[in-house]
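Presented below is the structure to which this report refers.
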Amino acid sequence: MAAQRLEPHLVMADERGNIYDHPDLLMVCRRGAQWGLPRPDELMPLPEESELFLLPGRRAAGLDPQSGEIEIQEELAVAAFAAPAHTLSAHPAFKSDAHAPLLPLFAYGAVGFARGRFYVCARKVDADPRQQFRNIPRRRIEKCARDLLRDHPANRLIRHILDNCVARYDCPAARNFALGRFEAPLPTSRACNARCVGCISAQDKDSPLTVTPQCRLTFTPEAAEIVEVMQLHERRETGSPVYSFGQGCEGDPLINADLLAESVRLFRAGGGRGTVNCNTNASRPEAVARLAEAGLTSLRVSCNSAREALYQRYYRPVDYTFADVRASIREARARGIFVSLNLLFFPGVTDTEEELAALARLIGENGVSMVQWRNLNIDPEWYIRLISSGQGDQACAAPPSMGLAVFMKRLKKLCPWLRYGYFNPYLGDRAEISAPLPGQWIMPEPRARAFCSFH
């Protein structure tokens, strides 16, 4: 006997914050401008350590299964912020009031309720438990932080990571450093050469965002301070240490390429082992070359799109172009660096035919080894307005969405060497790379396909 199809009901909230499901209306999700029921292959129970958000000024929308009509409620819409290692595949459907406030920089996933639990449109893309803390008491993290501060009172970088990133922002990477496990953050740069619309550490004076989730680093650490953090982490994480330049509390690390190269060189010269990674906008190919020579293992390149026009509208680069990004990837791959794309996934924009072709070319032609499927943290309606050049979210302007699962499957078919995940992987000191060298890959001939956006 066939299993009954899962049909989650609409989740909404009253003005006091009480969350409940509608007895009759079904959950509706949104991909770009397209509304519809969630696909069966994208529903999963809401992961542990996720959060639910109330969306002010936005009225919940649900589907009447009898009439087939969308009904707008007086109650507020609700969204899910999925725990790390999960990528959202749809946004919640809602109708915004005329003066709805701009949503803060978080990711907003479609959520429903069925069979006694919440379900979210998302996919688990990494099995690594790196940012799971449910079984770790808060007092243990705080004690570890106090001990490190006591033992290293003169290191400003350690103090920043523990006093600022752990105590103020509860940063998962900083908490892991306090615990001596997985990946250590290495923030170094106060400045950036991009003006990302969704930057979480700094905004232009004319930005409509009045608050950012974090504040930017206020000093530039010395190489000795950086190396001390790396050596400390190596002693405590003896299995698979990862060290990462480029954190949410700083600008772009390649701005300080000389400092990074000196730090990596000193660390390696002292016998330092493990994966040294740089999270970056990849704007400076010559800086990437210097880091590779110093002993860098991996490079993670952030992008919201492989299409230059969309990239420009979100990143708003100051002194570089998308051609520099491609050149940096080629420079890294040619020098034996493992390159990942930090792909800021946005349902209904990323999972389209046009993006698939552009992304496959960026990956194949330049030698990318991995895609990290991250969520773009931004108000969904704001982003649609941004990338559609004033056309709003008219359905006629939106290409059909194939969905996250299909998009991942088809990209892997075009680039079969690709590794998928969410976190920077441990690769040893130097990675084994199966991605083709620049110039060795040819785009397979496309086949005609038809997609139904929603069921």
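Derivation of every value follows stated rules applied to the coordinates shown; laboratory data play no part. Bear in mind the structure is a predicted one, so any value in this text is a computation, not a measurement. Quick reminder, even Gly has a Cβ in these numbers, built from the backbone with ideal geometry, and neighbours come from all protein chains shown.
In nm, what is the difference between 0.36 nm times the number of residues separating Gln440 and Trp417 and their Cα-Cα distance?
Between Gln440 and Trp417, full extension yields 7.0 nm more.
A simple spin-label model places the labels of Ala269 and Gln4 6.9 nm from each other, with each point 7 Å out along Cα-to-Cβ. In terms of surrounding Cβ atoms within a 10 Å radius of their Cβ, Cys171, Cys29 rank from fewest to most as Cys171, Cys29. Here Leu179, Leu359, Leu291, Leu296 are placed in order of increasing Cβ neighbour count within 10 Å, fewest first, which gives Leu179, Leu359, Leu296, Leu291. Our estimate of slack between Arg430 and Arg150, defined as 0.36 nm per intervening residue step minus the Cα-Cα distance, is 97.4 nm.
Give me the Kirkwood hydrodynamic radius of the stretch 9-124 in Å, from all C-alpha pairs, to one decimal place?
Values: mean 1/r = 0.0717 Å⁻¹.
Computed over Cα pairs of the stretch 9-124, the Kirkwood hydrodynamic radius comes out at 13.9 Å.
Neighbour counting of Cβ atoms within 10 Å sorts the residues Trp35, Trp382, fewest neighbours leading, into Trp382, Trp35.
Using every pair of distinct Cα positions in the chain, the Kirkwood expression returns a hydrodynamic radius of 23.0 angstrom.
Taking a straight Cα-Cα cut-off under 30 Å and skipping sequence neighbours fewer than 8 places away in the same chain, the lysines within cross-link reach of Lys413 are Lys124.
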